[in-house]
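All remarks here apply to the structure that follows.
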Amino acid sequence: MATKEKSTKLPQRRINKTFEASSIDSTVVEEILFNRADKEEDDDDGPVVFICAKCKLPVGDSLSWDGSEDGQKQIRLKRVTNNVIVGKDTRFFELSKRSVCLVVDLICRSCQSVLGMVYTSTPRNLDHKRLTFCLSVASIDRSLRKEAFRIGSEI
């Protein structure tokens, strides 16, 4: 009878490479996707600081950017500074007949002007706005600063 020879090799395992780190440079991807040319570091102005249009107090920066709403002329931030007060009164805000939301006003601590709103309750199609700081473009200005100031989670 013939005897089978046992293999001395260990069984090979399949390696799952799903979560393996990519070696693609993100700046190359940005350049391709957003048609951005390579910039030298000297040209980089750093983050944009958003300030109250009335009293010029800083209210946020582009490091906490979450998006923008061109139709409503709003920018969305994940965080704001202590210079922004979240109002206490909830009110209805109607974007369209099918999109009624509950919002709370955002108020400048210094001049008491309304800077925007926080959506506390939204229909499903507006879930991306819920609990983000939506600042009205008309009530803020922007300032380019070389040195960035970090916004902690003040609110």
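The values are calculated or read from the model by the stated rules, or taken from the named source; none is laboratory data. None of the values given here were measured: they were computed from a predicted structure. All Cβ positions, glycine included, derive from the backbone under ideal geometry; neighbour counts span all protein chains shown.
So which residues in region 96-128 are without any contact (Cβ under 8 Å) to a residue 60 or more places away in the chain, touching a helix residue (DSSP H, G or I) at 6+ places or on another chain (Cβ under 8 Å) and surrounded by fewer than 17 Cβ atoms within 10 Å (Cβ to Cβ), if there are any at all? Listed by number, the residues that qualify are 99, 114. The single condition among (1) outside any helix (DSSP H, G or I); (2) surrounded by 10 or more Cβ atoms within 10 Å (Cβ to Cβ); (3) out of contact with any Gly (no Cβ under 8 Å at 6 or more places or on another chain); (4) at pLDDT 85 or above that residue 50 does not satisfy is (3).
All of (1) modelled with pLDDT under 80; (2) surrounded by 16 or more Cβ atoms within 10 Å (Cβ to Cβ) hold for residue 137 with one exception: (1).
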